[in-house]
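Engineer: The following block contains the structure, expressed as structure tokens.
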Amino acid sequence: MRVPLRWVFWDVKDTLLKVRSSVGEQYCKEAQRMGLSLSPEEVDAAFRQVYRQYSSRYPNYGVSQGLNGQKWWMTVVRDTLSLCRVQEPAVINTVASNAYQNFCNAENWEVFPDSRMALERCSSLGLKQGVVSNFDNRLDTILHACGLRSYFSFLMTSEEARVAKPNPAIFDLALQKCGAPADCVVHVGDHYVKDYLASRSAGIHGILLDRDGKHSHDHIDQENRLLSLEKLPSRLQQLVG
């Protein structure tokens, strides 16, 4: 007998919202306030290089190596600026601090047009909702700023959990927090491995949000692949029981 659905877990970045402008543009804006003129394209390229290095060397914000999200991100910004030949320590530190804080502001994030509708419909179906996200601890502030925090009973960030998707342990922690068995839960996210496969490996019903249509040939049951969140409520209604 099928167990009725009780909870929806959500990924956040590139599922419910996205960064409004490039990292290069945002760092350049902060640098300009300090009297520096940098190329957004050059900063973007430097950022990608530094981000890859730090993600490999210090995964999940380096929490298992004595770092935290703020230290990790500020070091990434500093090293990005250094690659762009910014040398003044006081300028680098100020830009890094301001950039870290400014990513909490709503103007730096764009909520997808279908996000609020989907969240509201989930609530109207009597479903509780939570977040399972590879994000640092700014997420609570960001969701408040974007007007989305009230939809969620809890947030589980990878920084708080000290483990990141695709490790299914982060989903196990989320299940403990909500007190529901895995077969009563759906997880919605945009990443095939970190969201869809990882949630399924924890026994949760994974739904892949494929906004760009790039996963049509992956090994996925097509009823669990959505091109937008508009179709999500009808899909969940079939599972509510």
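Engineer: Please enumerate the residues belonging to the range 36-89 that are open to solvent by less than 70 Å² (accessible area, probe 1.4 Å) and on the phi > 0 side of the Ramachandran plot.
Structural biologist: Matches in the range 36-89: ASN60, TYR61, GLY62, GLY66.
Results for (1) over 27 Å from GLY69 (Cβ atoms); (2) under 14 Å from the mean Cα position of the chain (by Cα); (3) open to solvent by less than 70 Å² (accessible area, probe 1.4 Å), shown as yes or no for each residue.
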| residue | (1), (2), (3) |
| --- | --- |
| ASP136 | no, yes, yes |
| LEU139 | no, yes, yes |
| SER153 | no, no, no |
| GLY189 | no, yes, yes |
| ASP212 | yes, no, no |
| ASP221 | yes, no, no |
| LEU232 | yes, no, yes |
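Engineer: Is it the case that some residue within the range 224-237 is within 22 Å of PRO181 (Cα to Cα) and of a type in the set (A, V, I, L, M)?
Structural biologist: Yes; the residues of the range 224-237 include at least one that is within 22 Å of PRO181 (Cα to Cα) and of a type in the set (A, V, I, L, M).
Engineer: How about the range 1-34: which of its residues are open to solvent by 70 Å² or more (accessible area, probe 1.4 Å) and of a type outside the set (Lys, Arg)?
Structural biologist: MET1, GLU25, GLN32, MET34
Engineer: Could you list, in sequence order, the residues of the range 1-48 that are in a loop (DSSP other than H, G, I, E, B), more than 18 Å from the chain's Cα centre (by Cα) and not hydrophobic (A, V, I, L, M, F, W, C)?
Structural biologist: ARG2, PRO4, ARG6, GLY35, SER37, SER39, listed by residue number.
Engineer: Same structure again: Considering every residue within the range 95-109, establish whether at least one is of a type in the set (Phe, Trp, Tyr), free of Cβ contacts under 8 Å to residues at least 60 places away in the same chain and either open to solvent by 40 Å² or more (accessible area, probe 1.4 Å) or under 30 Å from ASP210 (Cα atoms) (or both).
Structural biologist: There is at least one residue in the range 95-109 that is of a type in the set (Phe, Trp, Tyr), free of Cβ contacts under 8 Å to residues at least 60 places away in the same chain and either open to solvent by 40 Å² or more (accessible area, probe 1.4 Å) or under 30 Å from ASP210 (Cα atoms) (or both).
Engineer: Sticking with this one: Hey, can you tell me all the residues within the range 175-185 that are in contact (Cβ under 8 Å) with a residue 40 or more places away in the chain, more than 14 Å from ARG200 (Cα to Cα) and part of a helix (DSSP H, G or I)?
Structural biologist: Within the range 175-185, LYS177, CYS178 qualify.
Engineer: A follow-up question, please. Being closer than 15 Å to ARG85 by Cα and of a type outside the set (D, E, K, R) is the filter here, so list the residues in the range 23-41 that pass it.
Structural biologist: Residues satisfying the conditions are GLY24, TYR27, CYS28, ALA31, GLN32, MET34, GLY35, LEU36, SER37, LEU38, SER39, PRO40.
The values are calculated or read from the model by the stated rules, or taken from the named source; none is laboratory data. Bear in mind that the values here come from a model prediction, so they are computed numbers and not experimental data. For neighbour counting, all protein chains shown are included, and Cβ atoms are generated from backbone atoms with ideal geometry for every residue, glycine included. Keep in mind that these areas ignore ligands, DNA and RNA; they rest on the heavy atoms of the full protein, side chains included. Shrake-Rupley method; radii C 1.70, N 1.55, O 1.52, S 1.80 Å.
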